[in-house]
């Protein structure tokens, strides 16, 4: 059998491809066939039915543990985001005379710091705003040479870069767990049946902000 994908073929995109994360949650569903499958197990005898029942209990426990792991990974990102908020707020005060910041941005971030975090979409929104604020500070830092001589500002910018790297690493762990969740809930029969009855949906991984994507297209050298 020939290879289904041939890297030497001429069917390529010379212009490249700009991909994006689709922010959509897909519900887990099962059809009539799954119901018939469960009934048949009990019809075949008590032992097959009990075995499948225990497998469903095991799958339910597994998903509960996986949810706790997702929460832990998300908490790590939250901790780094909160630290970055503090650093950028301090940095913004130091360069306030050179840069005008949108106060509503910091007000919304302050709500996040108080623990008012609804879901991953809110976390993504806050992270995107932080990237925008960081970009504004970087522009001011480059346009005003006097700022570069300010030790506190320079230290704050270094802290910001360090925290951004930590956030990126934490996102990788989070996205790995999300990938496991999104894959496992669709494994039929046990996992998918349990996930459908529990009303589970796929989860959305972190999405890079527009500012970060724009920077990736810039010429650095």
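Since every read-out is calculated from the coordinates, none of them should be taken as a lab result. These figures come from a predicted structure and were not determined experimentally. Reconstructed Cβ throughout: ideal geometry from the backbone, glycine too, with neighbour counts over all protein chains shown.
What is region 43-96 by shape, rounded, prolate or oblate, if you read a ≥ b ≥ c off the alpha carbon gyration tensor as root eigenvalues and call it rounded for a/c under 1.5, prolate for a/b larger than b/c, and oblate otherwise? Show your work: numbers first, answer last.
Working: a/c = 13.89, a/b = 8.52, b/c = 1.63.
Taking the square roots of the gyration eigenvalues as a ≥ b ≥ c, region 43-96 is prolate.
Points 7 angstrom from Cα along the Cβ direction at residue 11 and residue 66: gap in nanometres?
3.2
How big is region 1-86 on each of its three principal axes, counting only the C-alpha atoms and giving the largest first in Å?
Largest to smallest, the principal-axis extents are 59, 55, 21 Å.
Taking the number of other C-beta atoms within 10 Å as the exposure measure, put 183, 13 in order starting with the fewest. Working shown, then result.
Working: 183 11, 13 6.
Taking fewest neighbouring Cβ atoms as first place, the list is 13, 183.
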